[in-house]
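The values are calculated or read from the model by the stated rules, or taken from the named source; none is laboratory data. Computed from a prediction, not measured in an experiment: that's the story for all the values here. Methodologically, a virtual Cβ is constructed for each residue, glycine included, from the backbone with ideal geometry; neighbour enumeration extends over all protein chains shown. Ligands, DNA and RNA are excluded from the accessible area calculation, which covers all protein heavy atoms including side chains. Shrake-Rupley method; radii C 1.70, N 1.55, O 1.52, S 1.80 Å.
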Amino acid sequence: MQIILCDSAEEVGRRAADLVEARMRQGPAVLGLATGSSPASTYAELIRRHREEGLSFRDATAFTLDEYAGLPADHPQSYSSTIRREFVDSVDLPLARLHTPRGDAGDLVAEAVRYDAAIVDAGGVDVQLLGLGANGHIGFNEPTSSLRSRTRVKTLSSATRQANARFFEDDGEEVPKLCLTQGLGTIGESRQAVLVALGTTKASAVRAMVEGPVSAFCPGSVLQLHPKAVVVLDPEAAARLTLLEYYREAQALDDELS
Ligand code: GLP
């Protein structure tokens, strides 16, 4: 796991965008896109580079991580609408190559299997962007998710439903109880994972993910098994890490070499 310590949300966005751009410069890329507030500064920076520096997503393909069950794709709070509003509609990624799980599928179990297979058929994800839930979840893989799980239907925890109530007029009851999410095994197959975390509310989960044991109780900790995982943090999210000095030294050396 590589830890990148940043001074601000904007720097988190620049560092994560650097990793996405580096892969895109190598040729057509399959991007894994996360929703939620964490990647907002990353998307803002990618949109800026698209507008001001000619970074093009024309040849890219994208798969989102997760979706609420029961919401049609055009519901304003579906992750399908959210990713378009917050990123895709502002760049030149062809909509035909934006893939999202169908939360309103009649057979959610079959939809999960189809979605997992579609990722494999596309050649797998080159760069997977991730946020981290305050309870350690990635995607919607709640604590105790199987570490080798595939895309599937999950029950949302009440903590996650409360955390996401802000998108449903602060009414936790309006947040769907079920979702579709890429599994931890699916996410683990991405060729690079880039997790961004911001703010004090993520500090405990960041510590458990980076320095705790690999455990289904902190699903993000599965990234310790990933061959190329990068964790990009603002000072508040990094505040509870114990090896901060080591991460700083490694980062300085890495920056010097690149
Ligand atoms: C949400 C999403 C995740 C996201 C996480 C953190 O519920 N399913 O993909 O990374 O929880 O959300 P946020 O970035 O808004 O803090």
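In segment 151-163, which residues are in a loop (DSSP other than H, G, I, E, B) and either more than 9 Å from the ligand (Cβ to nearest atom) or of a type outside the set (A, V, I, L, M, F, W, C) (or both)? Steps first, answer last, please.
Here is the first cut: in segment 151-163, the residues in a loop (DSSP other than H, G, I, E, B) are 151, 156-157.
Of everything in segment 151-163, those that are in a loop (DSSP other than H, G, I, E, B) and either more than 9 Å from the ligand (Cβ to nearest atom) or of a type outside the set (A, V, I, L, M, F, W, C) (or both) turn out to be T151, S157.
For T35, state whether it is open to solvent by less than 20 Å² (accessible area, probe 1.4 Å) and either touching a residue at least 40 places away in the same chain (Cβ under 8 Å) or part of a loop (DSSP other than H, G, I, E, B) (or both).
Values: open to solvent by less than 20 Å² (accessible area, probe 1.4 Å): no; either touching a residue at least 40 places away in the same chain (Cβ under 8 Å) or part of a loop (DSSP other than H, G, I, E, B) (or both): yes.
So T35 does not fit the description; no.
Restricting attention to segment 13-27, does a residue exist that is open to solvent by 20 Å² or more (accessible area, probe 1.4 Å), within 16 Å of the ligand (Cβ to nearest atom) and either farther than 16 Å from R191 by Cβ or of a type outside the set (F, W, Y) (or both)?
Our first condition is that a residue be open to solvent by 20 Å² or more (accessible area, probe 1.4 Å); within segment 13-27, this holds for 14-15, 18-19, 21-27.
Next cut, within 16 Å of the ligand (Cβ to nearest atom) only: none.
No, segment 13-27 has no match at all.
Starting from residues that are within 16 Å of the ligand (Cβ to nearest atom) and outside any loop (DSSP other than H, G, I, E, B), keep the ones in segment 120-145 and report whichever is nearest to V30 (Cα to Cα).
The selected residue is V127.
Residue check, E256 against (1) open to solvent by 60 Å² or more (accessible area, probe 1.4 Å); (2) at pLDDT 95 or above, all met but one. Which one?
Going through the list (1) open to solvent by 60 Å² or more (accessible area, probe 1.4 Å); (2) at pLDDT 95 or above, E256 breaks only (2).
I need every pair where a residue in segment 165-185 that is within 17 Å of G103 (Cα to Cα) has its Cβ under 6 Å from the Cβ of a residue that is β-branched (V, I, T) and in a loop (DSSP other than H, G, I, E, B), sequence separation at least 6 or different chains.
Close Cβ pairs satisfying both conditions: F168/V175; Q182/T151; G183/T151.
Determine which member of the set R114, R166, R148 is within 25 Å of A208 (Cβ to Cβ), of a type in the set (D, E, K, R), away from the ligand (no atom under 13 Å from the Cβ) and surrounded by fewer than 17 Cβ atoms within 10 Å (Cβ to Cβ).
Values: R114 fails: within 25 Å of A208 (Cβ to Cβ); R166 fails: away from the ligand (no atom under 13 Å from the Cβ).
Within the list R114, R166, R148, the selection yields R148.
Restricting the search to segment 186-207, which residues are away from the ligand (no atom under 13 Å from the Cβ), touching a residue at least 40 places away in the same chain (Cβ under 8 Å) and of a type outside the set (S, T, Y)?
Narrowing segment 186-207 to residues away from the ligand (no atom under 13 Å from the Cβ): 186, 188-192, 204, 207.
Then drop every residue that is not touching a residue at least 40 places away in the same chain (Cβ under 8 Å), which leaves 186, 188-192, 204.
Matches in segment 186-207: G188, E189, R191, Q192.
Cβ contacts < 7 Å: first residue over 17 Å from Y115 (Cβ atoms), restricted to segment 67-96; second residue among the acidic types (D, E), any location; separation 6+ or different chain. Result?
That search, which allows pairs on different chains as well, returns S81/D74.
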